[in-house]
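*Asks:* Below are the C-alpha cells for one structure; questions will follow.
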Amino acid sequence: MEFTKWQGCGNDFIVVDFLEETPVDFAALAVRMCDRHFGVGADGLMVVCPSKTADVRMREFNPDGTEPEMCGNGIRCFARYLYDYGRVKKEQFTVETIAGTMVPRIVRENGAVTAVEVDMGVPVLMGDAIPVAGFGAERVVAQPITVDGKEYAMTCVSMGNPHCVIFVEDAEGFPLAELGAKFEQHEMFPRKINTEFVEVRSRTHARMRVWERGAGITLACGTGTCATLAAGVLNDVLDRAAQIEVDGGVIHVAWHADGHIFMTGPAEPVFTGVWQGAV
C-alpha cells in the first residue's frame with residue numbers, strides 16, 4: 001500500500017488514499033503505521049475517502065487508534081496532498097470531517113504552493129457543547145481548575161474538537177510532560193481534552209505548547225492555535241488576528257467578523273513509500 005508522509009510545523013502525518021479502495025480497519029492501521037520504532041512514525045494517520053456531501057472526506061486516527069473530530073495541521077497536509085496529487089482540480093474545495101465541512105484554500109506565490117489556509121468555522125463556546133462538565137450553556141472563560149494540587153484558570157473552546165487553554169508566564173518552562181496527561185484525563189472533560197499552555201508575548205504574538213488528546217506532546221496543533229486565539233480574545237489579551245508560535249513554527253490565525261476562524265500555515269511533503277506491514 002502506497003503512502004505519503006507530510007508535516008505542518010513539525011506535526012507529522014501519514015496520508016493513505018482510499019478514494020477508490022475498499023476500507024480497512026483504519027484504527028488498527030494507525031496504531032501500526034504511526035509507531036515511530038516499528039512503523040513509519042507520525043502524529044496521525046489521514047485517510048482520503050469519498051464523500052456524498054463534500055469534494056472529499058477526511059478521516060484521521062491518532063497513534064492510539066482513536067478518531068478525533070478534527071485536526072488543523074492535519075487538514076492542511078491532507079489538502080496539500082489532494083492538490084498535489086490531482087485528487088482535486090481547484091485551489092479551494094470542501095472536505096467532510098466529523099466536525100463538519102471545512103474549506104481549505106491552497107496559497108500559491110510565483111507558481112509554487114507556499115501555505116494552506118483553512119476556514120475552520122465558528123468556535124463553540126458553550127460548556128456542554130465543548131464539552132466541559134458543570135457549565136451548561138455558559139461560556140468557560142478564566143474558570144478555575146485544579147490539577148495535581150494547583151489551581152489554574154482555564155478557558156475552553158471547541159474547534160470541532162475540545163480544547164482547554166491555560167495562560168502561563170513561561171510556556172517553554174511549563175512541565176508539559178508531567179502535567180499534560182492529567183489535564184487530558186481530568187474529570188471535568190467527559191471526552192478528554194487537548195490542552196494548550198500559552199504565554200502571551202504581545203497582542204499579536206503568543207507562544208503555545210500543546211498536549212494533544214490521544215497523541216501527547218506534539219510540535220504543533222492547528223485547532224489548538226485557533227482555540228488559543230479565541231481564548232486570547234475572550235480574555236482580552238490577544239487581538240483578533242495573531243501569530244501563534246508553536247514548537248515547530250508559526251501559524252497565522254484570524255477570527256473574522258462573521259465568526260469564522262481562519263488558520264494559515266505550512267504543509268510540506270516529507271517522503272513517499274510503500275507500507276509492507278499488515279493492512
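*Asks:* Which one of these does Gly180 not meet: (1) part of a helix (DSSP H, G or I); (2) within 15 Å of the chain's Cα centre (by Cα)?
*Replies:* Of everything listed in (1) part of a helix (DSSP H, G or I); (2) within 15 Å of the chain's Cα centre (by Cα), Gly180 misses just condition (2).
*Asks:* Among the residues of segment 18-48, which ones are among the charged types (D, E, K, R) and either modelled with pLDDT under 95 or over 17 Å from Glu212 (Cβ atoms) (or both)?
*Replies:* Those that are among the charged types (D, E, K, R) and either modelled with pLDDT under 95 or over 17 Å from Glu212 (Cβ atoms) (or both): Glu20, Glu21, Asp25, Arg32.
*Asks:* Working only within segment 116-167, note down all residues that are small (Gly, Ala, Ser), over 16 Å from Thr228 (Cα atoms) and in a loop (DSSP other than H, G, I, E, B).
*Replies:* Within segment 116-167, Ala133, Gly134, Gly136, Ala137, Gly149 qualify.
*Asks:* So which residues in segment 70-101 are in contact with a helix residue (DSSP H, G or I) (Cβ under 9 Å, 6 or more places away or on another chain) and either assigned to a strand (DSSP E or B) or under 23 Å from Ala27 (Cα atoms) (or both)?
*Replies:* Met70, Cys71, Gly72, Asn73, Gly74, Ile75, Arg76, Val95, Thr97, Ala99 - these are the residues of segment 70-101 that are in contact with a helix residue (DSSP H, G or I) (Cβ under 9 Å, 6 or more places away or on another chain) and either assigned to a strand (DSSP E or B) or under 23 Å from Ala27 (Cα atoms) (or both).
*Asks:* Considering only segment 33-44, I want to know if a residue exists there that is under 18 Å from Ile98 (Cβ atoms) and part of a loop (DSSP other than H, G, I, E, B).
*Replies:* Yes - at least one qualifying residue is present in segment 33-44.
*Asks:* I've got another one for you. Can Val107 be described as in a strand (DSSP E or B), more than 21 Å from Glu245 (Cα to Cα) and assigned by TED's automatic domain parsing to the domain that holds Cys71?
*Replies:* No.
*Asks:* Would you mind stating whether Ile193 is more than 16 Å from the chain's Cα centre (by Cα), surrounded by 19 or more Cβ atoms within 10 Å (Cβ to Cβ) and modelled with pLDDT of 95 or more?
*Replies:* no
The values are calculated or read from the model by the stated rules, or taken from the named source; none is laboratory data. It should be emphasised that the depicted structure is a prediction, and the values quoted were computed from it without experimental measurement. Here Cβ is always computed from backbone atoms with ideal geometry, including for glycine, and neighbour counts include all displayed protein chains.
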